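To keep things clear, I will list the structure first and then write my remarks on it.
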Amino acid sequence: MRSRGTQCGGFFSSEGRRKAARMAFTLYALLQAALLFVNAIAVLHEERFLRRIGWGADQGIGGFGEDPGIKGQLMNLIRSVRTVMRVPLIGVNTVTIVLLLLFG
């Protein structure tokens, strides 16, 4: 009896190798992952989610002249992405959806 490596569709079978070749790491996949990450940041709601975990607007604000900590910098990044990227994200998401519909 011959060993097949792993079950059907596993990495070592011929079907698994073809599947791995189709899931290649491309620049388009990297850009799509970055777009999904920015979308995830943009939809975070301050009162529903961020305040519950202690990241609201009134929390973590240092005094004048103090360097903000990591938490403060991340809160500023989230606020900036939500403010600045709102309109461009609509366009980029539309283009991405059209490309996926046209080219699969």
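For the pair T94 and E46, what calculated FRET efficiency results from E = 1/(1 + (r/R0)^6), where r is the Cβ-Cβ distance and R0 = 25 Å, to the nearest 0.05?
On the way: r = 26 Å, r/R0 = 1.03.
E(calc), rounded to 0.05, equals 0.45.
Which FRET efficiency value, to the nearest 0.05, is calculated for F25 and F103 with the Förster distance at 25 angstrom and r the Cβ-Cβ distance?
Working: r = 18 Å, r/R0 = 0.72.
Approximately 0.90, to the nearest 0.05.
Quick one: net charge of V43's neighbours, Cβ under 13 Å, K/R +1, D/E -1? Display every interim value, and only then the final one.
On the way: positive: R48, R82, R86; negative: E46.
Residues near V43 contribute +2 overall.
Please work out whether segment 62-104 counts as rounded, prolate or oblate from its C-alpha gyration tensor, where a ≥ b ≥ c are the square roots of the eigenvalues and a/c under 1.5 means rounded, while otherwise a/b larger than b/c means prolate and anything else oblate? Don't jump to the answer; show the numbers that get you there.
Details: a/c = 7.57, a/b = 3.68, b/c = 2.06.
Taking the square roots of the gyration eigenvalues as a ≥ b ≥ c, segment 62-104 is prolate.
How do F49, F103, F37 stack up against each other in accessible area, from largest to smallest, with a 1.4 angstrom probe? Walk me through the numbers before you get to the answer.
Details: F49 95, F103 165, F37 130 Å².
From most exposed to least exposed: F103, F37, F49.
For a quick check of understanding: with a 1.4 angstrom probe and all protein chains in place, what accessible area in square angstrom does L102 have, to the nearest ten?
For L102, solvent-accessible area is about 120 Å².
The values are calculated or read from the model by the stated rules, or taken from the named source; none is laboratory data. Keep in mind that what you see is a predicted model, and the values were worked out from it rather than measured. Neighbour counts are summed over all protein chains in view; Cβ atoms, including those assigned to glycine, are modelled from backbone coordinates with ideal geometry. Protein only, heavy atoms only, side chains kept; ligands, DNA and RNA dropped before computing areas. Shrake-Rupley method; radii C 1.70, N 1.55, O 1.52, S 1.80 Å.
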